[in-house]
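First comes the structure, then the notes that go with it.
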C-alpha cells in the first residue's frame, strides 16, 4: 500500500537483478548438492518421484515402441517374403537340375546298354531314336528317325539294350514305323531258355505278351526267360524277349495260358537298334539216293 505523495523505489519494482538471481540459484543448488552428497537425504525423494513418473514414462515410450515394433514386423515380413521367394527359386532350379541329371543318367544308361547289345549282335545295326508314337490308338506302334535313306527296310527287327522291341512295318525316306511286340497283330517264334521248348509268342495289347498253342502240361514255369528261336530267319537266335509271370493251366481243354512281361522297355525305349537281316545258312540236307530200278525176270 503506497502512501500519498510517495512512490516505490525502482529496486523493489524490478526485484533482484538477473546476475544476483543467478548467484542465489547457484548457491542454493550447490548447497543442496553438497547436503545431498553428505547426508543423502534426497534418495527417498528421487525414488518416490521415479515411482510416480514411471507410468508417465511408459505412456510416453509406448507409441515409439509400438511404432518401432510395427516397423520391425513389416521389415521382417518383407525380408521373409524375399527369402521365401529366393528359396523357392533356388528349390525350383535345383529340381530342374536334378530332373535333367536324372534324365541324363537314364539316357546314358540306356545308351550304354544299347552299345553293349550292339557289340553282341553279329549283324549290321543302325541306331535310331523314337520320335513319337503312331496316331492309331488301337495299335502299338512308334516312329523312329531313320528311313530308307539310312538303309531301313520293312521287316527288320528292332531291339533296345534289354531285348526285342518290335519289327519295322512301314518305311519312309526319313522315318520308319515300328510295330511293337505288344501289338495284337505281332507274333514272334521263341523258345523257353530253360527247357528249350519252342513256341510262338503273340502281343496281348495290354503291355504283356502271351505264349499260345501250348499244352497244359508244357514245361513252362513262372520266371522262365523266353528268347528268340531264330527259326524265322528275321530275328537272331537267343535275343531276350520276355519273362513268364503267370501260368493258367486248363486241364479240361488241354491248353494253358502263359502271360509274359517283355524284357525290353517296349513302351519306354527312346533309343533303339534296327538290326540287319539274320542270314542263318542252314546246311541243306542231302537228298536220298533214288531207289534202284526193279529188274524184270524172264520166265523160263
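The values are calculated or read from the model by the stated rules, or taken from the named source; none is laboratory data. Values in this document were obtained by computation on a predicted structure and should not be read as measured data. All Cβ positions, glycine included, derive from the backbone under ideal geometry; neighbour counts span all protein chains shown.
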Name, by its number, the condition in (1) assigned to a strand (DSSP E or B); (2) more than 34 Å from the chain's Cα centre (by Cα) that does not hold for residue 196. (1)
Please go through segment 148-168 and pick out each residue that is crowded, with 20+ Cβ neighbours inside 10 Å and in contact with a strand residue (DSSP E or B) (Cβ under 7 Å, 6 or more places away or on another chain). 152, 156, 157, 158, 159, 160, 163, 164, 165, 166, 167, 168
Please give the number of the condition residue 104 fails out of (1) modelled with pLDDT of 75 or more; (2) not assigned by TED's automatic domain parsing to the domain that holds residue 188. (1)
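Quick check: is even one residue across segment 237-258 part of a loop (DSSP other than H, G, I, E, B), buried (at least 16 other Cβ atoms within 10 Å of the Cβ), assigned by TED's automatic domain parsing to the domain that holds residue 131 and in contact (Cβ under 8 Å) with a residue 24 or more places away in the chain?
Yes; the residues of segment 237-258 include at least one that is part of a loop (DSSP other than H, G, I, E, B), buried (at least 16 other Cβ atoms within 10 Å of the Cβ), assigned by TED's automatic domain parsing to the domain that holds residue 131 and in contact (Cβ under 8 Å) with a residue 24 or more places away in the chain.
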